[in-house]
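Accompanying notes for the structure given below.
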């Protein structure tokens with residue numbers, strides 16, 4: 001309000017610390033909620049609830065939008081194969097938004113690194129990092145497909161070994 005006195009730096013710091021503490025608790029609770037919703041998803045008990053999708057049911061059950069419920073479900077399912085991300089979310093070190101960004105691009109070889117980056121980045125920064133990483137990986141996969149196609153065409157093998165074309169040349 002207008003009449004509220006300005007707070008001093010110490011009070012501001014206490015409030016900021018409390019907000020961070022509460023956020024960590026909320027993040028840990030989000031991890032539990034995501035895991036439970038994923039369990040409903042895995043067991044296919046939606047007909048019991050009269051829902052057409054897990055996201056639809058979770059939206060109704062939790063009061064969040066269907067889009068948010070879908071993201072929570074995706075994170076819960078992904079946590080099963082993303083141990084570093086699951087641990088960070090369960091400890092409240094990262095948010096559900098950060099876990100969702102990681103889940104979209106994580107592979108076994110990069111997941112721990114992405115979880116570490118999440119601890120040091122805002123959700124927006126991490127989304128940008130993950131988006132750029134995905135684009136880079138897509139480009140690398142596309143380049144690998146083109147390279148293997150080149151090898152098959154010129155050498156008869158995607159492994160680059162001596163293949164059909166060379167043996168045909170020596171037969172003539």
Please tell me if residue 104 is out of contact with any strand residue (DSSP E or B) (no Cβ under 6 Å at 6 or more places or on another chain) and either at positive phi or modelled with pLDDT under 95 (or both). yes
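If only one of 73, 62, 54 is surrounded by fewer than 19 Cβ atoms within 10 Å (Cβ to Cβ) and within 20 Å of residue 99 (Cβ to Cβ), which one is it?
Details: 73 fails: surrounded by fewer than 19 Cβ atoms within 10 Å (Cβ to Cβ); 54 fails: surrounded by fewer than 19 Cβ atoms within 10 Å (Cβ to Cβ).
One residue alone meets the criteria, 62.
Kindly indicate whether residue 53 is over 24 Å from residue 127 (Cα atoms) and over 12 Å from the mean Cα position of the chain (by Cα).
Values: over 24 Å from residue 127 (Cα atoms): yes; over 12 Å from the mean Cα position of the chain (by Cα): yes.
Taking the combined requirement at face value, the residue satisfies it.
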Could you go through the stretch 157-169 and let me know if any residue there is at pLDDT 90 or above and more than 15 Å from residue 32 (Cα to Cα). no
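Look at residue 123 and say whether it is out of contact with any strand residue (DSSP E or B) (no Cβ under 7 Å at 6 or more places or on another chain), at pLDDT below 95 and surrounded by 15 or more Cβ atoms within 10 Å (Cβ to Cβ).
Values: out of contact with any strand residue (DSSP E or B) (no Cβ under 7 Å at 6 or more places or on another chain): yes; at pLDDT below 95: yes; surrounded by 15 or more Cβ atoms within 10 Å (Cβ to Cβ): yes.
Yes: the conditions hold for residue 123.
The values are calculated or read from the model by the stated rules, or taken from the named source; none is laboratory data. All values derive from a computational prediction rather than experimental measurement. All Cβ positions, glycine included, derive from the backbone under ideal geometry; neighbour counts span all protein chains shown.
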